[in-house]
């Protein structure tokens with residue numbers, strides 16, 4: 001394995017996770033690409049140019065290049081409008097490869113269904129295997145829509161079905177996602193590869209909570225609940241705000257100590273009403289306890305996790321939930337919705353607590369049961385780090401490379417049969 005082409009049409013790995021369309025997928029691509037490069041593999045990531053100021057090629061890390069492909073207007077183009085630019089994007093990708101000798105890439109790895117459509121054509125033109133990671137699935141999302149969210153369009157469903165049929169390997173984050181690909185998309189079980197994502201165990205480590213709170217301007221004795229992620233109905237930050245209101249109603253004295261940190265920016269359908277969460281906090285009478293922070297990166301994000309008594313992940317659907325792993329790696333228990341891959345990311349009753357449904361009262365009890373009981377919190381925190389260490393990006397990368405090699409060998413056998 002010498003070179004890997006990575007396709008990420010709708011969001012660049014250079015963007016800050018937590019706002020717009022940037023999230024866990026960006027982290028996944030950056031972490032696995034850099035680790036492949038450390039193993040001597042050249043990685044080229046193709047993404048859509050969103051500014052005329054971007055260079056045609058940028059270096060993400062030694063051995064990792066990001067190619068900005070011009071496809072449609074640089075700004076003002078939403079993800080739902082990108083299918084109309086796939087032809088232009090594909091032409092740019094194929095044009096870049098045409099400058100090299102045949103066989104320049106050993107494999108193409110597409111992320112999200114838009115990239116899968118491009119990867120499908122690249123596979124045919126380059127005669128290399130296509131490995132695809134969906135990250136989220138339309139049919140699964142539509143089965144678990146938030147009240148104010150919009151269903152995924154039929155166009156995406158059809159696109160995902162096509163990619164599932166054409167890809168040589170489909171990478172699933174968990175056994176649950178693998179089963180969904182087989183059941184809902186009629187994927188060949190023999191082509192589905194389960195590879196759990198990882199966590200940056202060098203960046204996300206336990207630290208001094210008091211120092212983290214001081215750095216964030218939080219009281220040392222505060223009860224801190226945190227949400228980290230994109231502000232959109234799918235991620236359900238409103239559940240945390242509603243639960244906080246329930247906690248204050250049950251114990252008015254808690255108001256003086258409670259701090260709810262909401263860290264992230266509007267995304268997806270949340271872009272239509274970016275101030276909705278602010279209004280909700282005001283309507284519920286908890287504006288004084290809710291603090292909003294922009295997306296945080298690196299050491300600043302680790303400070304948020306360390307400062308929190310509990311990190312809440314109340315999503316309606318998560319293919320995995322990297323935030324849950326990052327928080328646990330910092331020694332912070334997680335209270336998460338029992339959906340998607342979160343039961344894998346969080347060991348219920350050991351490293352955190354899983355909650356069925358999104359009832360604010362139930363969430364208030366779960367959050368209080370950890371945040372307001374130091375003994376219970378310390379017990380969960382003690383196991384959280386160990387659980388997170390079961391997942392690493394090196395292990396994820398090793399599994400991906402093994403999957404690439406297997407797909408390449410089978411592909412060659414079929415071509416030359």
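The values are calculated or read from the model by the stated rules, or taken from the named source; none is laboratory data. Note that the structure is a prediction, hence the values are computed from the model and not measured. Positions of Cβ are generated from backbone atoms using ideal geometry, with glycine treated the same way; all protein chains shown enter the neighbour counts.
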Out of (1) touching a strand residue (DSSP E or B) at 6+ places or on another chain (Cβ under 9 Å); (2) within 30 Å of residue 190 (Cα to Cα); (3) not in a helix (DSSP H, G or I), what's the single condition that is false for residue 332? (2)
Every residue in region 367-410 that is surrounded by 19 or more Cβ atoms within 10 Å (Cβ to Cβ), touching a residue at least 60 places away in the same chain (Cβ under 8 Å) and under 20 Å from the mean Cα position of the chain (by Cα), please. 388, 391, 392, 393, 396, 397, 400
I'm told residue 291 meets every condition in (1) within 30 Å of residue 344 (Cβ to Cβ); (2) in a strand (DSSP E or B) except one. Can you identify the failing condition by its number? (1)
Can you tell which of 180, 160 is in a helix (DSSP H, G or I), in contact with a helix residue (DSSP H, G or I) (Cβ under 9 Å, 6 or more places away or on another chain) and closer than 22 Å to residue 108 by Cβ? 160
Evaluation of residue 279 against (1) more than 30 Å from residue 134 (Cα to Cα); (2) crowded, with 21+ Cβ neighbours inside 10 Å (one fails), failing number: (2)
Does residue 285 satisfy being closer than 21 Å to residue 363 by Cβ, in contact with a helix residue (DSSP H, G or I) (Cβ under 9 Å, 6 or more places away or on another chain) and modelled with pLDDT under 95? no
Yes or no: region 346-353 includes at least one residue that is crowded, with 22+ Cβ neighbours inside 10 Å, at pLDDT 95 or above and more than 17 Å from residue 378 (Cα to Cα). no
Out of the residues in region 130-167 that are touching a strand residue (DSSP E or B) at 6+ places or on another chain (Cβ under 7 Å) and surrounded by 22 or more Cβ atoms within 10 Å (Cβ to Cβ), which is nearest to residue 22 (Cα to Cα)? 133
Going by the conditions given, is residue 109 buried (at least 19 other Cβ atoms within 10 Å of the Cβ), in contact with a helix residue (DSSP H, G or I) (Cβ under 8 Å, 6 or more places away or on another chain), assigned to a strand (DSSP E or B) and touching a residue at least 40 places away in the same chain (Cβ under 8 Å)? yes
Out of 376, 390, sole residue that is part of a loop (DSSP other than H, G, I, E, B) and within 20 Å of residue 336 (Cβ to Cβ): 390
Any residue at all in region 21-28 that's part of a loop (DSSP other than H, G, I, E, B) and buried (at least 22 other Cβ atoms within 10 Å of the Cβ)? yes
Which of (1) over 24 Å from residue 50 (Cβ atoms); (2) free of Cβ contacts under 8 Å to residues at least 60 places away in the same chain; (3) part of a loop (DSSP other than H, G, I, E, B) is the odd one out, the single condition residue 72 does not satisfy? (1)
Which residues, taken from region 330-344, are without any contact (Cβ under 8 Å) to a residue 40 or more places away in the chain and surrounded by 24 or more Cβ atoms within 10 Å (Cβ to Cβ)? 335, 336, 342
Selected residue (only one of 327, 364 is under 27 Å from residue 112 (Cβ atoms), in contact with a helix residue (DSSP H, G or I) (Cβ under 9 Å, 6 or more places away or on another chain), in a helix (DSSP H, G or I) and in contact (Cβ under 8 Å) with a residue 60 or more places away in the chain): 327
Residue 207 outside any helix (DSSP H, G or I) and either modelled with pLDDT under 95 or surrounded by fewer than 20 Cβ atoms within 10 Å (Cβ to Cβ) (or both): yes
For region 69-90, state whether one or more residues are closer than 30 Å to residue 227 by Cβ and crowded, with 22+ Cβ neighbours inside 10 Å. no
If you check 197, 233, which single one turns out to be closer than 29 Å to residue 145 by Cβ, modelled with pLDDT under 95 and buried (at least 20 other Cβ atoms within 10 Å of the Cβ)? 233
